[in-house]
Amino acid sequence: MKKVRSWSKPYLLNLIGRKRVDWSIFQYGTQIPLDFHEDFAQANANKFLRLGERVPVELLVDEETYKATLVYFQRKNSEGGSLQLRYDQNTVLKELLKSAFTSSYEFFSENREEKSKKPVYTPDEMAEYIDFYQTETPFKYRVSFQKKEENSNPAFWWVNQGKTHNQEKEGGFLWAPQKSKRGFPVPHHVSLLRARVGDFVFCYSDKEIKALGIVQDEVVESNKPSEIVSNEWQEDGYLLSIKYFEIQPKIKKEDIPLEWRVSEAGPFDVNGDIKQGYFFELSDSFASKLCEQFKERLPREVVDIIGHSGPEQDLVEVKEQPQQYTSRNLTAHIYSFIRSKGFYYTETEINNLYLSLKTKPFVILSGISGTGKTKIVQWLAESVGATEENGQFALIPVRPDWSDGSDLLGYTDIKGDFKEGPLTTVLKNAIGHPDLPYFVLLDEMNLARVEHYFSDLLSVMESRKWENGKLVTSLVLPKEVVGSDVYLPSNVYIIGTVNMDETTHPFSKKVLDRANTLEFNRVKLDHLDFLLETTEKVPIVLHNDVFATKYLHLKGVYAEYPQLVEEVTGVLVEINKVLQISSANVGYRVRDEICFYLAYNDESNLMERKEALDHCILQKILPRLSGSDTRIERVLKALFKLFTNKEIERAEDGRPDDLIYAVYPKSAEKVLEMIRRLEDDGFTSFWISS
């Protein structure tokens, strides 16, 4: 958890920062530490204030709006500035704060020295806080108070509702009999009496947590509600009123790590299975881990409440662990996760897909039908916690009749209302959660002409630039159309699957230059070892940092890897001499992105550099080659010589040893295949028809 002086940032949805109440908030406002400038800029549509700039802001407290100002003061005798949130003249807001934080205000009034600049802090047990949350509107913050009387942590409970879940949910209650049929109190029923207003209840039924409840009133004695039709219990019982919040998707027992269940008492037995019983208390540590692991499935208002009330340390421990994943650890996790699902891909294929996505957030997967192009994307996304249920993964089937971007982005109907397209929905969600990766799969993307429906996105992708330390792009849709500006955020990754047959369209060089094209034509039907994998791997909730791009311009790579850039450039110059025969030579964009790929590979040490460059030649250069004349034949034979140091007249002259000892074996193998198809069919291209 980030913490600087009186400011901190627990991992809460849309939280900008948490300010510990001090004397300044009753006088003029608060100074914002440098480490939190970026957090406020993100809440303000990525706008950083200039020195001397003042911007009016709105503070939303319990649906009431209060005026304030965000100002970047010039420090005296310094070139630096001080970002402050000020409301010096807003007496109504200051009176509200005094009444809200009475104990803090009284403590400061009694303990601070007049005219002294020495800071005074309340003891930790008296600490009160103000939480600032971003809204959909820049410079408008939702404000939540944590008062002293609210700082006692609520308890967490687990209820096994079984068949009564729907009845109890519809009635807004939990109910348990006071005694068993034999006339004795049952501990897991009587424990209902210990629940207090504000406590949280995980509602379990039919092998999954279906909802999270918040206790609304103290428990009361009550006859069995009419909603419960079972005759298994006595009529006298206890009724606890709770407000139910749906969990989407539901949390299955198997989703909860076994080691957590085994170490937790309460509703679990020594094997981590569910005990027989009704109402059990959970430990704070288990509940905090559960909330953190599945926070994206919980309603926003519940996440906010739990974050305010729950123990921070436990939340921090769970959050920090996934952030420690390196590129190598991550790709190993993805590989193991996919194997555990019963699918076979090589580690190299996983590494290549990862590096390609990191290089450019647009990748094309080609190959014959049935080789798992769609599945590898689905499982990769799920392995890092991105699913269709939580909105971080979207599968969008492309239709042959798409002729523009309206089916993808949306359109304005005859009433003037904007009908949001599936990609726009993902972009808006990703903008609201910049720390999480979002994956979009355009299935069979060449059923329609890609240039027709995807050209706007390709142009926006090329507009990426660094601005105040943030990656920004041109607008995809303006706020005049959608209600808020929609751009292509840096945490969105677009993957298209393609087949090549009589029903699909070829790609232009404009598209191919902007993507890495990965082939999935390997079919080994007799390879069954991966089916022996019995250990089920659990997805990890991952920060977007591990996927995010670092390089946009060659200058950035050259500053860190000058030898790499010079080596790659030398190879591409030789390749370009060959490609020039058919006017297929590559430009600066291809060179730059190959350098980005190799730099990321060097940093993560996933492959040898020559192997990585082989992948780049295969997926950035060879897809651009096609034709039926002697020029393409000369190009392919010259490339084969360049890759293997061997000249051939016909494809049959190529030997297995040529590929084994080739400088770039994968590219050489592909070139040989293209020569063979040119000889057999009179035409060749990178693409294999399904």
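The values are calculated or read from the model by the stated rules, or taken from the named source; none is laboratory data. Note that this is a predicted model, so its numbers are computed, not measured. Note that we place each Cβ from the backbone using ideal geometry, even for glycine, and neighbour counts take in every protein chain shown.
Numerical summary
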read-out	value
Strands (runs of 3 or more DSSP E) enclosed by the stretch 139-217 - at least 1 residues per element that are surrounded by 20 or more Cβ atoms within 10 Å (Cβ to Cβ) and over 33 Å from the mean Cα position of the chain (by Cα)	173-177
Any chance Arg677 is modelled with pLDDT of 95 or more and of a type outside the set (Asp, Glu)	no
Which listed residue, of Thr65, Thr91, Thr30, is among the polar types (S, T, N, Q) and farther than 24 Å from Val120 by Cα	Thr65
Boolean, Glu673 is assigned to a helix (DSSP H, G or I), in contact with a Lys or Arg (Cβ under 7 Å, 6 or more places away or on another chain) and surrounded by fewer than 21 Cβ atoms within 10 Å (Cβ to Cβ)	no
Matching option when the condition is within 29 Å of Val590 (Cβ to Cβ), touching a residue at least 40 places away in the same chain (Cβ under 8 Å) and among the β-branched types (Val, Ile, Thr), among Ile338, Ile396	Ile396
Options Lys9, Lys98, Lys19; residue that is of a type in the set (Lys, Arg), in contact with a helix residue (DSSP H, G or I) (Cβ under 6 Å, 6 or more places away or on another chain) and not assigned by TED's automatic domain parsing to the domain that holds Asp485	Lys98
Count of the stretch 196-226 residues which are under 28 Å from Phe268 (Cβ atoms) and touching a Ser or Thr at 6+ places or on another chain (Cβ under 6 Å)	1
Test: residue in the stretch 34-54 that is in contact (Cβ under 8 Å) with a residue 24 or more places away in the chain, more than 31 Å from the chain's Cα centre (by Cα) and under 24 Å from Leu96 (Cβ atoms)	no
Condition met for Leu441 (closer than 30 Å to Lys555 by Cβ and touching a residue at least 60 places away in the same chain (Cβ under 8 Å))	no
Selection count, the stretch 355-414, where residues are in contact with a Lys or Arg (Cβ under 9 Å, 6 or more places away or on another chain), charged (D, E, K, R) and under 19 Å from Pro434 (Cα atoms)	4
Residues of the stretch 232-255 satisfying the condition of being basic (Lys, Arg) and either in a strand (DSSP E or B) or surrounded by 19 or more Cβ atoms within 10 Å (Cβ to Cβ) (or both)	Lys243, Lys250, Lys252
Condition broken by Leu97, with the remaining ones in (1) farther than 30 Å from His543 by Cβ; (2) hydrophobic (A, V, I, L, M, F, W, C); (3) loosely packed, with under 14 Cβ neighbours inside 10 Å satisfied	(3)
Number of the condition not met by Gly80 [criteria: (1) closer than 18 Å to Arg142 by Cα; (2) out of contact with any Phe, Trp or Tyr (no Cβ under 9 Å at 6 or more places or on another chain); (3) modelled with pLDDT under 85]	(1)
Residue match in the stretch 634-656 (condition: closer than 20 Å to Phe507 by Cα, assigned to a helix (DSSP H, G or I) and basic (Lys, Arg))	no
Cβ pairs under 7 Å, 6+ apart, first in the stretch 558-578 and aromatic (Phe, Trp, Tyr), second assigned to a helix (DSSP H, G or I)	Tyr558/Val565; Tyr561/Ala599; Tyr561/Asp602
Residue check, Ala386 in contact with a strand residue (DSSP E or B) (Cβ under 6 Å, 6 or more places away or on another chain), assigned to a loop (DSSP other than H, G, I, E, B) and under 22 Å from Pro539 (Cβ atoms)	yes
Strands (runs of 3 or more DSSP E) wholly inside the stretch 399-518 that include at least 1 residues being crowded, with 21+ Cβ neighbours inside 10 Å	438-443, 475-477, 492-498
